[in-house]
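Here's the structure, in structure tokens; my notes come after.
The values are calculated or read from the model by the stated rules, or taken from the named source; none is laboratory data. The shown structure was predicted, so the numbers you read here are calculated from the model rather than taken from an experiment. Cβ sites come from the backbone with ideal geometry, for glycine too, and all protein chains shown count toward neighbours. The area values use the complete protein model at the heavy-atom level, side chains included, leaving out ligands, DNA and RNA. Shrake-Rupley method; radii C 1.70, N 1.55, O 1.52, S 1.80 Å.
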Amino acid sequence: MRGRTISIYIPDGNPRSIKLCGIQASIVKAIFIPRSKIDEVSKRPDIQEPGIYFLFGTEDEIGKPRVYVGETANLLTRLKQHNADKDKDFWNTAICFVSETRNINKAHIKYLESHCCEQVKQIGKCILENSTSPTQSPLKEQEVDFVLSFFDDLKILIATLGFPIFEEAKKALNAGNR
């Protein structure tokens, strides 16, 4: 893997507040939102875009964080719904992903949501809070490659923002492989 340049912008200067994160030469933009800042972020036009989002919350008894993965045509509307939903009261942080060039559509984000849920289950670093498995939109081959490229950058950004849920644990070398 080659090196990447990542920028993190903190609009209000508080490192524990809203963060905008991107990779140089990538269309993927991450928006880190503490739950307490939902009203403040509502003035941003990028949060009213279609995208995929992750709600992160408290850890279970064995130390795994809880996560809900979702997709929506309007991130702000959906986050406000989750904020009011007492059934999803576990979360305290949302990370939303949008396309800087606005070239991601509903089929793309549905495919991405399904792929992310599959990866979360497979890697097992957190507890997936989704009650149903999202359906994967049928896409053309080049669209699948586009979405998986988006996912590759999403993985880097979500880990940079403190949630390495897509990083597989490194296998320890046993004595016979030294």
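Laid out as a table, the results:
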{"quantity": "Förster radius 22 Å - calculated FRET efficiency between Ser36 and Lys64, Cβ distance, rounded to 0.05", "calculated": "0.40"}
{"quantity": "With 5 Å bins from 0: P(r) over the stretch 83-178, alpha-carbon pairs, percent", "calculated": "2, 10, 18, 21, 19, 13, 7, 4, 3, 1, 0"}
{"quantity": "Percent breakdown of C-alpha pair distances by 10 Å bin, ordered from the shortest bin, for the chain", "calculated": "9, 38, 37, 12, 3, 1"}
{"quantity": "Filtered GluC sites (Glu not before Pro), the stretch 82-178: DSSP coil and at most 16 other beta carbons within 10 Å", "calculated": "Glu100, Glu167, Glu168"}
{"quantity": "Members of Lys19/Lys64; Lys29/Lys140; Lys86/Lys140; Lys86/Lys155; Lys19/Lys110 lying beyond 31 Å, as alpha-carbon distances in this model show", "calculated": "Lys86/Lys140"}
{"quantity": "Apportionment of accessible area to carbon and sulfur, the stretch 2-102, percent (1.4 Å)", "calculated": "45 percent"}
{"quantity": "Whole-Å distance, taken between Cα centres, linking the stretch 1-26 and the stretch 53-93", "calculated": "21 Å"}
{"quantity": "Å² of accessible area per residue within the chain, as computed with a 1.4 Å probe and no ligands counted", "calculated": "56 Å²"}
{"quantity": "Filtered GluC sites (Glu not before Pro), the stretch 1-94: DSSP coil and at most 16 other beta carbons within 10 Å", "calculated": "Glu61"}
{"quantity": "Over the stretch 23-79: Kirkwood hydrodynamic radius from C-alpha pairwise inverse distances, Å", "calculated": "12.8 Å"}
{"quantity": "The stretch 33-42 - phi-based ³J(HN,Hα) in whole Hz, Karplus 6.51/-1.76/1.60, Gly and Pro as x", "calculated": "9, x, 4, 5, 10, 4, 5, 5, 6, 5"}
{"quantity": "All aspartates and glutamates inside 15 Å of Lys121 as judged from Cα atoms, apart from same-chain residues fewer than 8 positions distant", "calculated": "Glu113, Glu129, Glu167, Glu168"}
{"quantity": "DSSP H segments from the chain that extend 20 Å or more along their own axis, Cα-based, with Kyte-Doolittle mean of 0.0 or above", "calculated": "141-160"}
{"quantity": "Whole-number D in µm²/s for the stretch 43-128 (Stokes-Einstein; Kirkwood sum over Cα pairs; 4 °C, 1.567 mPa s)", "calculated": "96 µm²/s"}
